[in-house]
1. If I ask for residues that are at the interface with chain A (Cβ under 9 Å from one of its Cβ atoms) and either on the phi > 0 side of the Ramachandran plot or among the polar types (S, T, N, Q) (or both), which ones from the range B:162-208 would you list?
2. Would you mind finding the one in A:VAL49, A:VAL22, A:VAL31 that is within 14 Å of another protein chain (Cβ to nearest Cβ) and among the β-branched types (Val, Ile, Thr)?
3. Which condition does B:LEU152 not pass, out of (1) part of a helix (DSSP H, G or I); (2) away from chain A (no Cβ under 13 Å); (3) over 19 Å from the mean Cα position of the chain (by Cα), if it passes all the others?
4. Just the residues that are under 14 Å from A:LYS10 (Cα atoms) and either touching a helix residue (DSSP H, G or I) at 6+ places or on another chain (Cβ under 8 Å) or within 13 Å of another protein chain (Cβ to nearest Cβ) (or both), please, taken from the range A:55-80.
5. Hey, can you tell me all the residues within the range A:7-32 that are among the aliphatic types (A, V, I, L, M), buried (at least 20 other Cβ atoms within 10 Å of the Cβ) and over 15 Å from A:CYS48 (Cβ atoms)?
6. Show me the helices (runs of 4 or more DSSP H) entirely contained within the range B:165-272 in which 1 or more residues are crowded, with 20+ Cβ neighbours inside 10 Å and under 17 Å from the mean Cα position of the chain (by Cα).
Amino acid sequence: MTLLSLAGVKKSYGDKMVLDDVDLAVAPHDVVCLIGASGSGKSTLLRCVNLLEQVDDGVIEFDGQDITDPRVDPRTVRRRMGMVFQAYNLFPHMSVLRNITLAPQIVHTVGQDESRTRAMELLDRFGLADKADARPDQLSGGQQQRVALARALAARPELLLLDEVTSALDPELVGEMLAVLRDLAAEGTTMLLATHEMGFARDVATSVCFLHEGRILEQGPPSQVLVEPREERTRQFLRRVL
Amino acid sequence: MSVSAVELERRRVRRSQSLRRALLATLATVVFFGVVGLLVTSSQGWPVVKRTFFDPHSAVDAFPSVIKGFGLNVVMFLVAEPVILVLGAAVAIVRGTRSAALFPLRVVAVLYTDVFRGIPSILLVFLFALGVPALRLTGVPTSLFWLALIALVVSYGAYVAEVFRAGIESVHPSQVASARALGFSNAQTMRHVVLPQAVRNVVPPLLNDFVSLQKDTALAGAVGVFEALFAARDYANFHFNFTPYVVTAVLFVALTVPLARLTDYLGRRSLGGRLSGVAR
């Protein structure tokens, strides 16, 4: 059974081919890691899944529905996915709590009490309960990123998209973010993530995809792709990052 | 708290440095204004200028009618400002909509800003005050005061719409992306994410436009609204003395300076916010 599948997905900006015939399948409870150099198409792939970018060709299916059909309202799709960005993108003019409760309240029409309870639950879990009333700019990068994660999880998404969520963090803050993600994976959260954290990919991923110039050159379990890659390109990439 | 001898010495030096700076500033100011004052008062025409522009008797004599006219300027400003804000924001929001059904409104909004930003405010005052009554429409105000006020609203509304639009565009695209990713509609993104940040960004330029509007209420005098400048001109033409112009100028300065200072203050504060965390 698949939750998300991409078949022959293409995307280019001008002359530059960013995604070139990408096939990918994510089953429920999978943790799929996209690895590859900057500019290899990892972020674009995530943005296409979320319909923030329009694909040039190919089909993306989510829970059996072709979401690249122009008749599909992107909102109905996004409502069922959570996304966390590299630069957190919290709303700077709202409190931490409001950042988390806004979407459940206005998009999912969850009541105020219920959405607050859920937000406090998540903040508590991520060790940020005392920051509920703080403004995002009063928080460290690592704290902001955990708030962004809480915001994405508030509406209980069926799929979590994570775009290099540790890349903007100081090295000592990366660990705490990864620990939170490990927990989520252990609980069975379905995740598709672009990452440079090879240790995390090795320990947590059910499958690893190596992207190079918009193509998935190699995919398989981490024990294969990261340990004994078939492709020379993958070997070169891993030598550089490990 | 005990302080080391080095720090004590540094503090003593800083104190004497700032004393020297204050003295120099005072001296320079006295010399500068002394020289300017001397140049002006020693000029050949000064006695005549003094009599026609700085005559205390005429100032006192004209003051009641000038201040009464100035009341109209203040009322115009106070009525026009909120209307302009609403109009400008509405036009900017309409330009940012995407719904197909709203296309005609977007066309109107673009035409409105293009046309009315391009026409000099004084010309608009003439067109409204002289043209609208000639149409003989029922239900449209014929009072020159209201027509001039509408002209100013229309003219400044176009400017303010562009200020708001710039503010909307200044909100980082990543904010819109993350709102979309949460499933917000366009309207929800605008209302909850973009507009609150846009408004904060445009407060200083908006206040700047309002300083300008305060002065431009004097344009109503051109079509015979008895505001401060018209009252001053009335007096000047009758008594051959221009002192009321200076009185009017002083009143306008007194009105605009507080708003200008507020603009500076808010500008500095938002800059301070943006620089926080950056080494200064």
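The values are calculated or read from the model by the stated rules, or taken from the named source; none is laboratory data. Not measured: the values here are computed from a predicted model. When we count neighbours, we look across all protein chains shown, and the Cβ atoms used for this are built from the backbone with ideal geometry, even at glycine.
1. Hits for the range B:162-208 are B:SER174, B:GLN175, B:SER178, B:GLY183, B:SER185, B:GLN188, B:GLN197.
2. Of A:VAL49, A:VAL22, A:VAL31, the one residue that is within 14 Å of another protein chain (Cβ to nearest Cβ) and among the β-branched types (Val, Ile, Thr) is A:VAL49.
3. All conditions pass for B:LEU152, except number (3).
4. Just the residues of the range A:55-80 that are under 14 Å from A:LYS10 (Cα atoms), to begin with: A:55-60, A:68.
The answer is A:VAL55, A:ILE60.
5. Once the filter is applied, which keeps residues that are among the aliphatic types (A, V, I, L, M), buried (at least 20 other Cβ atoms within 10 Å of the Cβ) and over 15 Å from A:CYS48 (Cβ atoms), the range A:7-32 yields only A:VAL31.
6. Details: elements: B:173-181, B:195-216, B:228-239.
Output list reads B:195-216.
Here is a yes/no grid of residues against (1) part of a helix (DSSP H, G or I); (2) modelled with pLDDT under 90:
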{"site": "A:GLU172", "(1), (2)": "yes, yes"}
{"site": "A:GLY175", "(1), (2)": "yes, yes"}
{"site": "A:VAL180", "(1), (2)": "yes, no"}
{"site": "A:THR189", "(1), (2)": "no, no"}
{"site": "A:LEU192", "(1), (2)": "no, no"}
{"site": "A:VAL208", "(1), (2)": "no, no"}
{"site": "A:GLN219", "(1), (2)": "no, no"}
{"site": "A:ARG240", "(1), (2)": "yes, yes"}
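Condition check ((1) within 14 Å of chain B (Cβ to nearest Cβ); (2) modelled with pLDDT under 95) across all residues:
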{"site": "A:ASN89", "(1), (2)": "yes, yes"}
{"site": "A:HIS93", "(1), (2)": "yes, yes"}
{"site": "A:ASN99", "(1), (2)": "yes, no"}
{"site": "A:VAL110", "(1), (2)": "yes, yes"}
{"site": "A:ARG125", "(1), (2)": "no, yes"}
{"site": "A:ASP137", "(1), (2)": "yes, yes"}
{"site": "A:GLN143", "(1), (2)": "no, yes"}
{"site": "A:ARG146", "(1), (2)": "no, yes"}
